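**Q** Quick one: the structure is below, and I'll ask about it shortly.
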Amino acid sequence: ELFALIERLRVQLGAPRFHHVLITPSFNAAVVQEPRFGLVGPSRNYLVLGLPLLKALTVDQFAAVLAHEFGHLAKRHGRMAHWVYRQRLRWSSLLSTVERDSGWGAWLFKPFMKWFVPYFNAYSFPLARADEFQADAIAARLTSPPALAQALTMTAVMAAYLDQRFWPGVHKRADVEPQPGFLPYARMQETMSVDLDAESIARFSDEALARKTDCADTHPCLTDRLAAIGEAAQFSMSALEARADRLLMPALDSLTESFDTHWVEAVSPSWMERYQTVQKQRRRLEELNARHAEGAAFSLDEEIERGLLIEALTENPEDALAYFTALHEQHRGDPRVCLLLGTRLLWRNDAAGVALVESAMTMDELLSCEACAALRDYHAREGRMDEATVWHEHLLRHAKNRQQAEDERTRVHSNERFDRHDLPAATAEAIVSALAKIPRLRQAWLVKKRVKHFPSEPCYLIAFRITPWYTFHDRDRAANVRARILEALSEYKTLDIRVMNVEGDNRIFAKAFKRLKGGRVV
């Protein structure tokens, strides 16, 4: 049935044949053209259909989606716009191929491709967007405007539902289940029918209709696409047996089972890790709550930790907001507390969070990336794209500074000079005591690195040796000792301490530490 539908639409539109139809686990439908011989030659055409999309739409709605995708390749309609569309697909595919290729000839193409593809995409952007409207017009004529309106509305609503509720709900099970026992693709349709009540549909529809077309996406927004075909938003979910995945019969059950099997295999390691992490968090929150009930004094770090654990583990998000509001009343001058409360207010689109986030960034430049991202997203949700763009540019600038700072702190030069550490005596003694207990550690130096970026946040370096003069250096043993050192330093999360072995290929760096008097601690 699927192939019959594809062939009928293809013939009506005069579109090229497809060499392969691929069913994927994503919520998407797309046409992909790839050259047969890597970079050159005639194209091999792929029609990519997401199983979740087939499970969400009726046959008529799915036919409208297919007609839209065929419309991009139809020979009789908008030759220039469709040529541009195909070239954008081809050049983007070629760029990905060249970037993946590590062969001897790839270096010849990379500079040109990295310059030309973004230039071509930007120059052809208006035509690419026009092609989306033209493909919609073709789909509306070939099926019907109401069918396309339903398809556009359904895809917008269902995409939001899957991203915001279905998959988060599936992953949330890892908090209480040690192994994934829910089969998402087998249960997707049933869950959709139960979860999507009238209130949820209205909320997701309103969000989709409120979204504006921006300059970063060739796909116009839902409101513009509906206006172009003269239809209003229409949400129409049919009975399970009438949905488009039946077009895959008799292969539907095996495809669904295959996707579920691969999904379980892929997520099981991270699922178990998440389960163990949550159990550890629960025990830690119980410990902090017990101390709080006894009236114990908390450090600010412990108060922040307790608030984050409450937010992660409780079902009511208002509990965490109330906690951080109370914490801000006690610590108004702390930038971390301002950022924590401010970002959570912004998540609720509360303008009161703007001043808090901006003040946090002013007080501590290290918080700038998170602050700029929160402000950018808030203004974007409110439809103020100019302000969102400004904060995004600030984010890029601060991110670049952070990357330069990280590079500076990660790299050590053979002629580099260090300073004696300025850690509090109790902290230094505790670190030295922990180092002294590590087996095979023969020598260790604790120094302060000289940095230009964010000098108010000191960077410390522990260099160590494990090899006696009469034996050869063992990399695996050195890596094991380094891991033990990092484990011993895990309780000093607020300190930036780097660890390196100064033997083997790194033996040249040992001189820089030896020349500093008082640097050696073990």
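The values are calculated or read from the model by the stated rules, or taken from the named source; none is laboratory data. Remember, predicted model here, so these are calculated numbers, not experimental data. Every residue, glycine as well, gets a Cβ built from its backbone with ideal geometry; the counts of neighbours run over all protein chains shown. The protein model used for the area step is the full one, side chains on, heavy atoms only, and it has no ligands, DNA or RNA in it. Shrake-Rupley method; radii C 1.70, N 1.55, O 1.52, S 1.80 Å.
**Q** Collect the residues in region 469-487 that are modelled with pLDDT under 90 and either closer than 11 Å to Q443 by Cβ or surrounded by 14 or more Cβ atoms within 10 Å (Cβ to Cβ) (or both), keeping them in residue-number order.
**A** Selection gives H473, D474.
**Q** Here is a check on your reading of the model: is E487 in a loop (DSSP other than H, G, I, E, B) and among the charged types (D, E, K, R)?
**A** Judged against the criteria, E487 is not a match.
**Q** Can you find, within region 154-201, the residue that is farthest from R274 (Cα to Cα) among those that are open to solvent by 20 Å² or more (accessible area, probe 1.4 Å) and among the aliphatic types (A, V, I, L, M)?
**A** Restricting to residues being open to solvent by 20 Å² or more (accessible area, probe 1.4 Å) and among the aliphatic types (A, V, I, L, M), the top hit is A198.
**Q** Pairs under 6 Å by beta carbon, first residue open to solvent by 70 Å² or more (accessible area, probe 1.4 Å) in region 347-366, partner in a helix (DSSP H, G or I), six or more apart or different chains?
**A** M363/P335
**Q** Name the single residue that is nearest to N349 (Cα to Cα) among those in region 377-393 being open to solvent by less than 60 Å² (accessible area, probe 1.4 Å) and part of a helix (DSSP H, G or I).
**A** Ranking the candidates gives Y378 first.
Residue by residue, here is whether (1) of a type in the set (S, T, Y); (2) farther than 29 Å from R477 by Cα; (3) surrounded by 13 or more Cβ atoms within 10 Å (Cβ to Cβ) holds:
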residue	(1), (2), (3)
N415	no, no, no
S433	yes, no, no
K437	no, no, no
P455	no, yes, no
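**Q** Quick one: D206 ticks every box in (1) part of a helix (DSSP H, G or I); (2) more than 25 Å from the chain's Cα centre (by Cα); (3) not hydroxyl-bearing (S, T, Y) except a single one, so which number is it?
**A** Failed condition: (2).
**Q** If you don't mind, there's one more thing I want to ask. Out of all the residues in region 319-349, which are closer than 26 Å to R384 by Cα and outside any helix (DSSP H, G or I)?
**A** R348, N349 - these are the residues of region 319-349 that are closer than 26 Å to R384 by Cα and outside any helix (DSSP H, G or I).
**Q** Would you pick out the residues in region 283-306 that are in a helix (DSSP H, G or I) and open to solvent by 80 Å² or more (accessible area, probe 1.4 Å)?
**A** The answer is R283, E286, E287, H292, A293.
**Q** On to the next question. In region 51-71, what residues are crowded, with 24+ Cβ neighbours inside 10 Å and not in a helix (DSSP H, G or I)?
**A** Correct list: L57 only.
**Q** Moving on to the next point. Within region 496-512, does at least one residue satisfy the condition of being basic (K, R) and under 31 Å from the mean Cα position of the chain (by Cα)?
**A** Within region 496-512 (the criterion being basic (K, R) and under 31 Å from the mean Cα position of the chain (by Cα)), the answer is yes, since at least one residue qualifies.
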